[in-house]
1. Assess whether residue 99 counts as being touching a helix residue (DSSP H, G or I) at 6+ places or on another chain (Cβ under 8 Å) and within 24 Å of residue 41 (Cα to Cα).
2. For residue 201, are the conditions met, namely being outside the structural domain of residue 72 (by TED's automatic domain parsing), farther than 30 Å from residue 99 by Cβ and exposed (fewer than 11 other Cβ atoms within 10 Å of the Cβ)?
3. Quickly run through the stretch 129-161 and pick out the residues that are under 18 Å from the mean Cα position of the chain (by Cα), loosely packed, with under 13 Cβ neighbours inside 10 Å and in contact (Cβ under 8 Å) with a residue 24 or more places away in the chain.
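The values are calculated or read from the model by the stated rules, or taken from the named source; none is laboratory data. Computed from a predicted model, the values in this text were never measured in an experiment. So basically every Cβ, Gly included, is an ideal-geometry build from the backbone, and we count neighbours across all protein chains shown.
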């Protein structure tokens, strides 16, 4: 009776170690006596022989890989510290297990070196304003490097760009100077447009004398509506024109010089 129980226990333990269940997002690469058994197994129930078989589970889910902070120097000699994140997934479990020892560690090393190399070829302004293009370039390079390992890099995102304090102050001064430049240009454009409008208004008033009188009366109304102690004595414009017309004209410059010469 005892031998039968021993055999039953051995069979149960054998079946427990031989039966493996793989989830929908998992695949299993089976090595039998060191050799790969064809295509990856799963999902579902997988039978292996203990002692002679070894099962390596590989997840097909999209995974993230944080790239440690990298000190870079851009093309225009700006020092910065950049952090990024890489999104990838395994599309060929067999290559991911056989072709590389640790595809996650190898992908991380490639991501760090590629990040330093690519950002060293771009200018700092492009790194800030054209980040999508830089991300696409990083993704294309990493995807090409990891393709022989059965790994697909779906996206690369630059998370943060940290600058030294001295560089931050320099960029702040540059931005302030740029804003002052724009303000002066806008002010100059306003003055130019205002001068054009005033010139047009002067031409209209000169062609219609009554317009100057209406403007004069409007100014008096505006002054009278304000609560102030200003006393205004309105004078007719015709009276002012009479005084202006009665003023004697100055002598010509040539006559003055001639008189001075004869007097001497």
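1. Taking the combined requirement at face value, the residue satisfies it.
2. When the stated conditions are applied, residue 201 does not pass them.
3. Listed by number, the residues that qualify are 159, 160.
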